[in-house]
Structures are given as C-alpha cells and as structure tokens.
Amino acid sequence: MEKSKVQFERDVHEEMRKMKLQVEETSNLQRNMAKTKVDFERDVQEEMRKVKAHMEEMTGNQREMMKSKTQFEREAREKMTKSKAQMEEIVGVQQDMMVKLKSQVEGWEAQQK
C-alpha cells in the first residue's frame, strides 16, 4: 500500500511537471504569436505605404503625361492652323496667277486674230 502511495505521488508529480511544461510551452507560443502578429502588421503597414507611394508616383506621372498630351495637342492645332493658312495663301496666289495667265493668253489670242 505504501508503495502505491509513493507511486501515486510520483505519478501526480510527473503529471504536474508535464502540465507545467505545457503551460510554459503555450505561454511561449502565445508570445511568439503576438510577436508574429506585430511583425505581420508592421510588414502590412510598410507594404501599404509602398503601394500608396507608388500610386502617388503613378498619379504624378499621369498628370505629367496629360500635360504633355495637352501641350502636344495645342502645338499640333497651332501648326495645322498655320499650315492651313499657308495652303490658303498658296491657293490664293495660284488662283491669282491663273487669272493673270488666262488674261495674258486671252490677250495673245486677241493679238493673233
């Protein structure tokens, strides 16, 4: 009977030791999980900051591209207007020359008769 009591106390002591180890292990896991969570949240915040900076850069680039596009369109319109005016001037000069040539031809024809 004494032997059973001693064995029972050993078993109880061993079970308590195992439970203490499990509690410590659980506590360590919880600390590690909390640390991992903090690290994860920090990493997420850093990635979000990077994405935001990239988006702002892209937005800035789009604005610059729109300015460049607007400037290009303005210059193209100005050149087209200038070219149109030059073409109209050339056509006007050609028409004047045709009228003059026609009158000269008519004058020659009249002289020939």
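The values are calculated or read from the model by the stated rules, or taken from the named source; none is laboratory data. Quantities reported herein were computed from a predicted structural model and do not represent experimental measurements. Surface areas here come from the heavy atoms of the whole protein model, side chains and all, with no ligands, DNA or RNA. Shrake-Rupley method; radii C 1.70, N 1.55, O 1.52, S 1.80 Å.
List of remarks:
- Answer from 93, 12, 38, 44 - the residue that is within 27 Å of the chain's Cα centre (by Cα) and assigned to a helix (DSSP H, G or I): 44
- Residue count, segment 1-50 (criterion: at pLDDT below 90 and aliphatic (A, V, I, L, M)): 6
- For segment 91-113, the set of residues classified as of a type in the set (Val, Ile, Thr) and open to solvent by less than 90 Å² (accessible area, probe 1.4 Å) consists of 91, 93, 105, listed by residue number.
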